[in-house]
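Colleague: Here you go, one structure.
The values are calculated or read from the model by the stated rules, or taken from the named source; none is laboratory data. Values in this document were obtained by computation on a predicted structure and should not be read as measured data. Note that each Cβ is placed from the backbone with ideal geometry, even for glycine, and that neighbours are counted across all protein chains shown. When the accessible area is computed, the model is the full protein with side chains, heavy atoms only, and any ligands, DNA or RNA have been set aside. Shrake-Rupley method; radii C 1.70, N 1.55, O 1.52, S 1.80 Å.
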Amino acid sequence: MARILVTEEIADGGLDRLRAAGHDVDVCLGLSPDELLDVVPGAAALIIRSATQVTDEVLAVATDLMVVGRAGIGLDNVDVPSATARGVMVVNAPQSNIVSAAEHTMALLLASARNVPQAHAALVEGRWERSKWEGVELVDKTLGVVGLGRIGKLVADRAKGFGMRLVAYDPFVSDDRARQMGVELLQLDQLVAESDFLTVHLPKTPETLGLINRDLLVKAKPSLRIINVARGGIVDEHDLAECLNDGIIAGAALDVFSTEPMTESPLFAIPSVVVTPHLGASTREAQDKAGDTIASMVELALAGEFVPFAVNVNAAEANETIRPYLPLAERLGSLFESLVGGAPDVLEVCIEGEIAGYDTRIIELAVLKGFFGAISDEAVTYVNAPQLAKDHGVEVREVSSATSPDYVNLLTIRGGGHSISGTLSGPKAEQRVVNIDEVPFDVPPVDEMVIVTNDDRPGVIGTVGTLLGQANVNIADMAVSRSDDTTAVMLIAPTMPVPDETIAALRAAPGVISVETLSA
């Protein structure tokens, strides 16, 4: 099985799961960047947290790497574009620590409002300073939430219990959705101007880096307190320190920093600042969930299956309606490559029926994965399949229709003058090939199929069966159809590959016009 390199502490349950699956789990903690370059070659998977830097240099030497698993949410320590270009899947555990991060946000909000750590430090040093550390109540205060994603929503839900007014900035959330959450949407400038507390819940991107800066904070109330349990650098720490020292805002509580570990900062000398060393996800429950989730995602990636939390796969998560069609799409893609005999200029993926109403990009990726897996020397994944299409000069088109004349759902691949269609049939959702080159069939796909075109006259089917029987090849299933008034076509699903000499004998048999083999 595969070697999985683990460079940071991961819950034992997840690692045990990978070992139970037969993988070689190689735990190497505390590696320097140079040491990582030495040990990563030969690893099929790399599991990290926030400290390991997966750079282009690391990815360049990790020639066997299929997946990078980040046990957590943020990915600013992974060069995702480089991984994508190299066909390496990047996965995370986006839901593992959302409760812990939301709860830590509330802890810092309360600590900042009531000066809890400052009062604690004074008391243990022998100073009883009740009047010095007077705080403020949360009730009727305005909480500005920057980013209404999973964590931002949980924070808003919890703040309601304290009687806070909720406003938010998130350009990706509609007014109706915000109203359902009990939140008023505002522009960022207005949000800062109206908030008594401001909490940040955004990913770290070039667009969000330094988003909360002096130019924005000068518009705030003097009573504003800022909380950041998201990613370091979104709040400009230099500007924040200046605004606190100048009395522009009242306080801040930070769990994340622009560079980590952070042990020296001008912010640490400011009495109204509360800091913690990136503890947002540091609960036993979050660690267990992150370990279990990332182990599951890595296991799926190594098996070549769809991975729900792959961040560099250009498709939405496959729901329970779409997911059963992925193996069918991949197999049809592989069979189609045999049928067309190379890479067509245009490859059209047609999706008809109820599933067309969903986000079906993952079905297109599955078709490409099957198609290029049949002709590529390198491992083909959902990540690098689109790039392989570009490299081979294949234009990929997706066509969708909410209705199908004959089937509940139908997948069809066209290109190079050929086509193949398939569907899932019956209560067990069994795969069926139902059309090849506009000739109807109904046969379950197998790894090698045989298409026999023959004169439509008695005896030919018997001859074909006899020749296969003489080679000890059983027929698992077959269908016969007519392409015109004088020509019939047989689609045969044998139980084993048909020997080359038998294929030659079939081609030479009386009444046989042509014989083709399709391999999946």
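Colleague: Need pairs with beta-carbon distance below 8 Å; first residue more than 18 Å from ALA301 (Cβ to Cβ) and among the acidic types (Asp, Glu) and within segment 46-58, second open to solvent by less than 50 Å² (accessible area, probe 1.4 Å) and assigned to a helix (DSSP H, G or I); sequence gap 6+ or separate chains.
Modeller: ASP56/SER82; GLU57/LEU37
Colleague: Can you tell me which of ALA71, ALA45, ALA62 is at pLDDT 90 or above, under 22 Å from the mean Cα position of the chain (by Cα) and farther than 28 Å from ARG284 by Cβ?
Modeller: Working: ALA71 fails: farther than 28 Å from ARG284 by Cβ; ALA45 fails: farther than 28 Å from ARG284 by Cβ.
Unique residue meeting the criteria: ALA62.
Colleague: Looking at segment 357-405, which of its residues are open to solvent by 30 Å² or more (accessible area, probe 1.4 Å), of a type in the set (Val, Ile, Thr) and modelled with pLDDT of 90 or more?
Modeller: Within segment 357-405, VAL396, VAL399 meet the criteria.
Colleague: Of the residues that sit in segment 302-316 and are at pLDDT below 90 and in contact with a strand residue (DSSP E or B) (Cβ under 9 Å, 6 or more places away or on another chain), which one is most open to solvent (accessible area, probe 1.4 Å)?
Modeller: For segment 302-316, the residue satisfying everything is VAL311.
Colleague: Still on this structure, I have one more. Give the residues of segment 455-493 that are open to solvent by less than 30 Å² (accessible area, probe 1.4 Å) and not small (Gly, Ala, Ser), sorted by residue number.
Modeller: VAL460, VAL464, LEU468, VAL473, THR487, VAL489, MET490, LEU491, ILE492
Colleague: Okay, moving on. Go through segment 408-480 and tell me which strands (runs of 3 or more DSSP E), entirely inside it, have 3 or more residues that are more than 21 Å from GLY373 (Cβ to Cβ) and either without any contact (Cβ under 8 Å) to a residue 60 or more places away in the chain or of a type in the set (Asp, Glu) (or both).
Modeller: 430-436, 439-443
Colleague: Looking at the structure I just gave you, is ALA85 surrounded by fewer than 16 Cβ atoms within 10 Å (Cβ to Cβ) and either hydrophobic (A, V, I, L, M, F, W, C) or in contact with a Leu (Cβ under 8 Å, 6 or more places away or on another chain) (or both)? Even if it seems obvious, please write down each step before you answer.
Modeller: Details: surrounded by fewer than 16 Cβ atoms within 10 Å (Cβ to Cβ): yes; either hydrophobic (A, V, I, L, M, F, W, C) or in contact with a Leu (Cβ under 8 Å, 6 or more places away or on another chain) (or both): yes.
The answer is yes for ALA85.
Colleague: Would you check which residues across segment 317-339 are open to solvent by 30 Å² or more (accessible area, probe 1.4 Å) and more than 20 Å from the chain's Cα centre (by Cα) and list them?
Modeller: ARG331, SER338
Colleague: Among the candidates PHE257, PHE268, single out the residue that is among the aromatic types (Phe, Trp, Tyr) and open to solvent by less than 30 Å² (accessible area, probe 1.4 Å). Break it down stepwise before answering.
Modeller: On the way: PHE268 fails: open to solvent by less than 30 Å² (accessible area, probe 1.4 Å).
Just a single option satisfies the conditions, and that option is PHE257.
Colleague: Here is a follow-up. From the list THR52, THR142, pick out the single residue that is closer than 28 Å to ILE249 by Cα, touching a strand residue (DSSP E or B) at 6+ places or on another chain (Cβ under 9 Å) and polar (S, T, N, Q).
Modeller: THR142
Colleague: Is there any pair with a first residue in segment 160-171 that is under 13 Å from THR142 (Cβ atoms) and of a type in the set (A, V, I, L, M, F, W, C) and a second that is open to solvent by 80 Å² or more (accessible area, probe 1.4 Å) and assigned to a helix (DSSP H, G or I) whose Cβ atoms are under 9 Å apart and which are 6 or more apart or on different chains, and what are they?
Modeller: LEU166/LYS160; VAL167/GLN190
For every residue, the table says whether it meets (1) under 30 Å from GLU378 (Cβ atoms); (2) open to solvent by 50 Å² or more (accessible area, probe 1.4 Å); (3) at pLDDT 95 or above; (4) of a type in the set (A, V, I, L, M).
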site	(1), (2), (3), (4)
VAL91	yes, no, no, yes
ASN97	no, no, no, no
GLU103	no, yes, yes, no
MET106	no, no, yes, yes
LEU110	no, yes, yes, yes
VAL116	no, yes, yes, yes
GLU137	no, yes, yes, no
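Colleague: Can you spot a residue in segment 154-163 that is on the phi > 0 side of the Ramachandran plot and surrounded by fewer than 16 Cβ atoms within 10 Å (Cβ to Cβ)?
Modeller: First pass over segment 154-163, keeping only residues on the phi > 0 side of the Ramachandran plot: 163.
Going one step further and asking which of them are surrounded by fewer than 16 Cβ atoms within 10 Å (Cβ to Cβ), we end up with 163.
Yes, segment 154-163 has at least one match.
Colleague: Working only within segment 187-205, note down all residues that are within 12 Å of LYS219 (Cβ to Cβ), in contact with a helix residue (DSSP H, G or I) (Cβ under 8 Å, 6 or more places away or on another chain) and either in contact (Cβ under 8 Å) with a residue 60 or more places away in the chain or not charged (D, E, K, R) (or both).
Modeller: Correct list: LEU188, VAL192, LEU198.
Colleague: To continue, here is another question. Kindly indicate which of VAL39, VAL54 is more than 23 Å from GLY304 (Cα to Cα) and modelled with pLDDT of 95 or more.
Modeller: Every option except VAL39 fails the conditions.
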